[in-house]
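Everything on this sheet refers to the single structure shown next.
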Amino acid sequence: MADIESFLKDLKMLEIHLPYSVKLIFELKSRFNLKQIHLKELLEIIRADNSEAEIMRAFIYEKIKEYLNACTDCPLHLSDSCTQKVPGEGCLNSPLMLIGEGPGFDEDKLGRPFVGRAGQLLTTILNKLDINRQKVYISNVVKCRPPMNRTPYARETKACSRNLELELTFIAPKVIIALGSVPLNYFKPGSSIMRERGKWIYTRDIWIMPTFHPAYILRQQGKALNKTKWDVWDDFNKALNKVRELCPEYSFN
Ligand code: URA
C-alpha cells in the first residue's frame, strides 16, 4: 500500500497525470492485495456475485467520485452554473450504459444525472421497457453543468473524458445508448444525430446505439412528437435486444 502511495505521489510531483483508470487499477490491487495483473481478470473478479466483489465495486465507485471531485482539468467546475460535480450512477455490473450530454439545473442541484424533466422521461422509457433504472449505469459526457445549459465545448469534453473513460473501463458495458449528439460525437466525431440515430456503431468491443436526447423529445409537438417517440422506442428496443443477445443472464429487475 505504502509503495503504491509513494509511487503515485512521485508521479504527481513529476506532474505526470496517469489516466484515472490506471491509477485506480494500482489502488485496487494494493487495497485488495490482488496478484492478477490483467485488466480482464480484474474485471472478472469485480463482477463476481460475492460480498468481496461487492466491497470492491463500492471502493471503485467511491474512487470514481473522489477523482471527479478533485478534477480541475477544465474551467467548467469554476463556472457559477456548477455548484457540484455530477458523477454517473447505477449498477457497476450492468452490461447497459446510458450516456447523456451533461448535467442541467436539477442534476446540478441534486448531484445526480437525469433527474430533471428529461431524466423523468428517460426513467419512464426505461420503466416501460421493464428496466429498473438502478440496474443500468447512467452517466454524462461532462460532469459539470455548463453555463446556461449550453452544449459543452470540445475542449471540455476532451478534458472530462478522463472521468468518462474511468467509468467505461470499470463498467465495461457491452451496449451503450448514446443520448443525443454530444455522446454520439464522443464515440464517432463529426456525426449527425439526425443521420446516425438508430444505426449501430461498433467500437472498442462496445455496441453503441445513438438515439435522440429525451430533452429533444420534450421539445417536439404534433406529428413530429409522435415520430420522435417511436424512433426512440425502436432504438431502445434494439439496444435492449442486443443486451439480451450478449448477456442473456442479466436481469434488469
Ligand atoms: N441532460 C443530460 O444530458 N444529462 C443529464 O444528466 C440531464 C439532462
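The values are calculated or read from the model by the stated rules, or taken from the named source; none is laboratory data. Note that this is a predicted model, so its numbers are computed, not measured. Glycine also receives a Cβ, built like all others from the backbone with ideal geometry; neighbour counts cover every protein chain displayed. With ligands, DNA and RNA removed, areas are computed over all heavy atoms of the protein, side chains included. Shrake-Rupley method; radii C 1.70, N 1.55, O 1.52, S 1.80 Å.
Just to be sure I understand the filter: pairs with C-beta atoms under 7 Å, separated by 6 or more residues or on different chains, first member in the stretch 100-117 and more than 8 Å from the ligand (Cβ to nearest atom), second member assigned to a helix (DSSP H, G or I). Which pairs pass?
So the pair list comes out as ARG117/LEU218.
Please specify each residue of the stretch 156-215 satisfying the condition of being more than 16 Å from the ligand (Cβ to nearest atom), in contact with a strand residue (DSSP E or B) (Cβ under 9 Å, 6 or more places away or on another chain) and among the aromatic types (Phe, Trp, Tyr).
Once the filter is applied, which keeps residues that are more than 16 Å from the ligand (Cβ to nearest atom), in contact with a strand residue (DSSP E or B) (Cβ under 9 Å, 6 or more places away or on another chain) and among the aromatic types (Phe, Trp, Tyr), the stretch 156-215 yields TRP200, TYR202, TRP207.
Taking the residues in the stretch 118-140 that are among the polar types (S, T, N, Q) and under 27 Å from SER81 (Cβ atoms) as candidates, determine which candidate is farthest from the ligand (Cβ to nearest atom).
Out of the qualifying residues, it is THR124.
Which is closer than 16 Å to ASN241 by Cα, of a type in the set (A, V, I, L, M, F, W, C), touching a residue at least 24 places away in the same chain (Cβ under 8 Å) and assigned to a loop (DSSP other than H, G, I, E, B), of ILE177, ILE208, ILE125, ILE131?
Unique residue meeting the criteria: ILE131.
Name the residues in the stretch 227-240 that are within 20 Å of the chain's Cα centre (by Cα) and either open to solvent by 90 Å² or more (accessible area, probe 1.4 Å) or not charged (D, E, K, R) (or both), would you?
VAL232, PHE236, ASN237, ALA239, LEU240
Condition check ((1) open to solvent by 30 Å² or more (accessible area, probe 1.4 Å); (2) closer than 20 Å to SER21 by Cα) across all residues:
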residue	(1), (2)
ILE125	no, no
LEU129	no, no
ARG133	yes, no
PRO146	no, no
PRO152	no, no
LEU164	no, yes
LEU168	no, yes
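Looking at THR151 and the list (1) under 15 Å from GLY102 (Cβ atoms); (2) in contact with a Cys (Cβ under 8 Å, 6 or more places away or on another chain), which single condition is not satisfied?
Result: THR151 fails condition (2) only.
Tell me, which residue of the stretch 64-99 that is part of a strand (DSSP E or B) and within 16 Å of the ligand (Cβ to nearest atom) is surrounded by the most Cβ atoms within 10 Å (Cβ to Cβ)?
Among residues in the stretch 64-99 that are part of a strand (DSSP E or B) and within 16 Å of the ligand (Cβ to nearest atom), the one surrounded by the most Cβ atoms within 10 Å (Cβ to Cβ) is LEU98.
Can you confirm whether the stretch 227-242 contains a residue that is within 16 Å of ALA118 (Cα to Cα) and not in a helix (DSSP H, G or I)?
No, because not a single residue in the stretch 227-242 is within 16 Å of ALA118 (Cα to Cα) and not in a helix (DSSP H, G or I).
Is it the case that some residue within the stretch 194-203 is more than 18 Å from the chain's Cα centre (by Cα) and in contact (Cβ under 8 Å) with a residue 60 or more places away in the chain?
Checking the stretch 194-203: not a single residue is more than 18 Å from the chain's Cα centre (by Cα) and in contact (Cβ under 8 Å) with a residue 60 or more places away in the chain.
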